[in-house]
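A.B. asks: Input: one structure, supplied below.
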Amino acid sequence: MFVANWKMNGSSITVKEWLNIISSSDNLNKCIFCPPLLYLKEANEFISEKKLSLSLGAQDIDPENNISLTGGISPSMLKDVGCKYSIIGHSERRNFYKEDSTLLIDKVSICLKEGIKVIFCIGESLEERNSGQTKEILSQQLRALDGFSSENLMVAYEPVWAIGSGRIPLLEDISETSDYLIDELISLGHKQEEITILYGGSVDASNAKEIYQLKSVSGLLIGGASLDGEQFLKIIG
């Protein structure tokens, strides 16, 4: 799978231009487009009109359907505009909004209950990596998925220090970490054949192919490089 996470970027015009560019790809059934919330409806209308096999995802979700929450976005709202996926636990939301495991568990739970598939993000900081805590931190973050099935969720490993920095771990490090995540998920009761590991963090057209070819990596979570339709086409092949 290839997930285009636009974060807080884009406009009505750029969304349509991007969709026009990538509509020529034969691999759209392997792609998930996560534009800002404001543009999900427009993207869904374009995808429906052109009959594209591209899936839509939200960049976040709130953990309730029926509460009075100013600014809240419920699963039913996302489904209403064609969303099939939601990103949960991205490091930017963990850091800026102090989202903890309790909240993330609630978000995962409501998604799976309401039929929205989950892209669950985990990753270590540079300080944690340099102090040899990578596996410990990732293991702690994965515990939020204890008791859930992997059938309708993907785990996206994004080292925090690699996001937007142009730096990525060595291929062997990505492979080793992905293998570790699979083992940890199995220990939590997940079925190996259902586990999907994505890699994210400074992925672009120059490195996507070699990362994607790693045995334990099933897809890519792409940030800045996904904003450019031509570059995204090169990434998805």
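A.B. asks: When residues of region 86-111 are filtered for being part of a strand (DSSP E or B) and touching a residue at least 60 places away in the same chain (Cβ under 8 Å), how many remain? Walk me through it before giving the result.
C.D. replies: Kept after step one, since they are part of a strand (DSSP E or B), are these residues of region 86-111: 86-88.
So of that shortlist, the ones also touching a residue at least 60 places away in the same chain (Cβ under 8 Å) come out as 87.
Summing the residues that are part of a strand (DSSP E or B) and touching a residue at least 60 places away in the same chain (Cβ under 8 Å) in region 86-111 gives 1.
A.B. asks: Something else about it: Whether any residue in region 64-76 is in a helix (DSSP H, G or I) and in contact (Cβ under 8 Å) with a residue 40 or more places away in the chain is what I want to check.
C.D. replies: Checked against the condition, which is being in a helix (DSSP H, G or I) and in contact (Cβ under 8 Å) with a residue 40 or more places away in the chain, region 64-76 yields at least one hit.
A.B. asks: Quick check: is even one residue across region 28-44 in a loop (DSSP other than H, G, I, E, B) and among the polar types (S, T, N, Q)?
C.D. replies: Checking region 28-44: not a single residue is in a loop (DSSP other than H, G, I, E, B) and among the polar types (S, T, N, Q).
A.B. asks: Given Gly82, Gly123, which one is of a type outside the set (A, V, I, L, M, F, W, C) and over 25 Å from Thr177 (Cβ atoms)?
C.D. replies: Answer to the selection: Gly82.
A.B. asks: Step by step: first the residues of region 57-98, then only those that are among the polar types (S, T, N, Q) and in contact with a helix residue (DSSP H, G or I) (Cβ under 9 Å, 6 or more places away or on another chain), then the one that is surrounded by the fewest Cβ atoms within 10 Å (Cβ to Cβ). Which residue is that?
C.D. replies: Here the answer is Asn66.
A.B. asks: I'd like the full set of residues that are over 17 Å from Ile88 (Cα atoms) and either at pLDDT 95 or above or among the aromatic types (Phe, Trp, Tyr) (or both), limited to region 151-169.
C.D. replies: First pass over region 151-169, keeping only residues over 17 Å from Ile88 (Cα atoms): 161-162, 164-169.
Trp161, the sole residue that qualifies.
A.B. asks: May I ask you to verify whether Ser24 is farther than 17 Å from Met8 by Cα and in a loop (DSSP other than H, G, I, E, B)?
C.D. replies: So Ser24 passes the test.
A.B. asks: Another question about this same structure. Considering only residues of region 19-30 that are at pLDDT 95 or above and farther than 16 Å from Ser48 by Cβ, which is nearest to the chain's Cα centre (by Cα)?
C.D. replies: Step by step, filter region 19-30, then rank; the result is Lys30.
A.B. asks: Can you pull out every residue in region 99-141 that is among the hydroxyl-bearing types (Ser, Thr, Tyr) and over 23 Å from Ile32 (Cα atoms)?
C.D. replies: Result: Ser101, Thr102, Ser125, Ser131, Thr134, Ser139.
The values are calculated or read from the model by the stated rules, or taken from the named source; none is laboratory data. The structure displayed is predicted, hence computed values, not measured ones. Because the Cβ atoms are built from the backbone with ideal geometry, glycine has one as well, and the counts that use them run over all protein chains shown.
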